[in-house]
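The values are calculated or read from the model by the stated rules, or taken from the named source; none is laboratory data. Just so we're clear, the structure is a prediction, and the values are computed from it rather than from any experiment. All Cβ positions, even for glycine, are placed from backbone atoms using ideal geometry, and neighbour counts span all protein chains on display.
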Amino acid sequence: MSNKALGILISGRGSNMEAIIKASQANQINATVAVVISDKRDAKGIKIAKELGITTFVLDIKDFSTKQEYEDDICRILKGCSVDLVCLAGYMKIVGQTILESFKNRVINIHPSLLPAFRGLNAQKQALDYGVKFAGCSVHYVNDVLDGGPLILQDIVEVSGDDTEETLSQKILAKEHLIYPQAIQIVLESLSVK
Ligand code: GAR
């Protein structure tokens, strides 16, 4: 299978992005991270990506008159880097039709819950508040339903009585870092047989 190009969209810490870049640099996946784009200037992930030698861009939606123009610019960058697959990694904006139509079935996301449970923000807190005994994370295709696209991979963690939002988030995050690169490899293999 030939090497594919990934574009990663982030908004913050970038630990999933880092896991993907490191999996790529260790040849654990047949992919190179071509570009990282952040919608936040102060995203910690941008610094990490730069240190790992990745091309980065920051696009602030406030600098555009419409969301479509903002997403057009993202697509221009992704296409300019010949990106095959777009990976959302803690990207906290809803992806609009401009990106979804330009990269049909080629946008994936990681979410810190066992979807379809606990969509949206603060999924780990939602899980704790509900009192679930098992939580987890999901990698899924992105469509126009929030956190509602077809699932690619999931993993679980056990919730203990003394878990807080922070401890549960950390347990889930450790699993996220394992399954996101695996899910990318699965998607890339399906692209190469099409
Ligand atoms: C991760 O836990 C990710 O699953 C979550 O944000 C965190 C980003 O961390 N994403 C969502 O909640 C999307 N709905 P990271 O920046 O360190 O990868």
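A few notes on this one:
- Of the residues making up region 110-134, those that are outside any loop (DSSP other than H, G, I, E, B) and surrounded by fewer than 16 Cβ atoms within 10 Å (Cβ to Cβ) are 125, 129, 130, 134.
- Strands (runs of 3 or more DSSP E) (entirely within region 1-101) containing at least 3 residues that are crowded, with 19+ Cβ neighbours inside 10 Å and in contact with a Lys or Arg (Cβ under 6 Å, 6 or more places away or on another chain): none
- Region 148-175: number of residues that are within 20 Å of residue 190 (Cβ to Cβ) and loosely packed, with under 12 Cβ neighbours inside 10 Å: 1
- Those residues of region 73-119 which are of a type in the set (D, E, K, R) and touching a Gly at 6+ places or on another chain (Cβ under 8 Å), in sequence order: 119
- Output for region 17-69, where each listed residue is without any contact (Cβ under 8 Å) to a residue 12 or more places away in the chain and under 21 Å from residue 99 (Cα atoms): 62, 63, 64, 65, 66, 69
- Of the residues in region 137-145, not one is hydrophobic (A, V, I, L, M, F, W, C), farther than 30 Å from residue 192 by Cα and modelled with pLDDT of 95 or more.
- In region 9-29, residue nearest to residue 185 (Cα to Cα) [restricted to those that are near the ligand (Cβ under 8 Å from one of its atoms) and among the charged types (D, E, K, R)]: 18
- Listed by first and then second residue, the pairs with beta-carbon distance under 9 Å, at least 6 apart or on different chains, first residue in region 166-194 and over 30 Å from residue 129 (Cα atoms), second among the hydroxyl-bearing types (Ser, Thr, Tyr), are 184/24; 187/141; 192/2.
- Number of positions in region 83-138 that are away from the ligand (no atom under 13 Å from the Cβ) and in contact (Cβ under 8 Å) with a residue 40 or more places away in the chain: 8
- Unmet criterion (only one of (1) touching a strand residue (DSSP E or B) at 6+ places or on another chain (Cβ under 7 Å); (2) closer than 23 Å to residue 121 by Cα) for residue 93: (1)
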